[in-house]
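The values are calculated or read from the model by the stated rules, or taken from the named source; none is laboratory data. As the structure is a computational prediction, the values presented were derived from the model and not from experiment. We place every Cβ from the backbone using ideal geometry, glycine too, and count neighbours over all the protein chains shown. Just so you know, the surface numbers come from the protein's heavy atoms only, side chains and all, with ligands and any DNA or RNA stripped out. Shrake-Rupley method; radii C 1.70, N 1.55, O 1.52, S 1.80 Å.
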Amino acid sequence: MMMIAASPLSIYAANPFLDSQDDKPMPAIFRGTQWSDEIEQEEIPLSVRVVTTRIAKMDWGAIFKIEFIDVTSRARTPAGVRPKKREIRLDYFIVTDDRIVLLNEEDNDAAAKKISALNKPPDFEPNDIYAITNGTFEHQQGEWNTTIKLKRDLCIYEASHPSGHFKKIVWKKGAGLVEYASGYGAHADGYRLKREVTSHKK
């Protein structure tokens, strides 16, 4: 949950890990693998079209929506079992010059509209911080441990639980989201996706 109390006003400078010059959707193809107890193979190919869209721009930051659509895979399941289509929930992120923060409310559309009307950024819960632009970050909530580290032009978010649950998100300067992975239990269900590098050869 996010606290709506206002923080001191700051003038927004573009965050190098997630930025856009306008509100046009920015699509990209991500490829990787998925696994599940319902899938016969250990891992199978998975491809997703990821669309990043700036939905609000404020003096102190911006709000982005990241959608995962056109999810494609060829899962073989035991006879008589209908394969379950992989669904990846869309994410909303609040972006300031030094943070990328997950908008984690019951109604994210309504929350985004409310936050975009503020003249100062809200206070952020540590558990919702998904990227930083300097230093390092570590947070423990219950049995979940979260670390965020910078490595060259990458910002790497990793959260893990003793049961085997995990989430990993990698942001790249000038590109935005380049890796997205999530898993539950001891390889019970999950996926790993990386942004496809496109060539611009003439």
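What the table below lists for this structure:
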quantity	calculated
1 or more residues closer than 25 Å to ASN15 by Cβ and in contact (Cβ under 8 Å) with a residue 40 or more places away in the chain: qualifying strands (runs of 3 or more DSSP E) within the range 112-202	129-132, 154-160, 166-172, 176-184, 189-195
Qualifying strands (runs of 3 or more DSSP E) (wholly inside the range 1-102; at least 2 residues being modelled with pLDDT under 95)	3-6, 26-36, 44-58, 61-73
Matching residues, the range 164-186, being over 20 Å from THR52 (Cα atoms), in contact with a strand residue (DSSP E or B) (Cβ under 8 Å, 6 or more places away or on another chain) and open to solvent by less than 80 Å² (accessible area, probe 1.4 Å)	GLY164, HIS165, PHE166, GLY183
Filter result (within 23 Å of LYS85 (Cβ to Cβ), in contact (Cβ under 8 Å) with a residue 60 or more places away in the chain and loosely packed, with under 14 Cβ neighbours inside 10 Å) within the range 11-41	ASP37
The range 123-140, subset of a type outside the set (Ser, Thr, Tyr) and more than 19 Å from PHE93 (Cβ to Cβ), residue least open to solvent (accessible area, probe 1.4 Å)	GLY135
Hits in the range 90-111 (condition: free of Cβ contacts under 8 Å to residues at least 24 places away in the same chain and either among the β-branched types (Val, Ile, Thr) or open to solvent by less than 40 Å² (accessible area, probe 1.4 Å) (or both))	ASN108
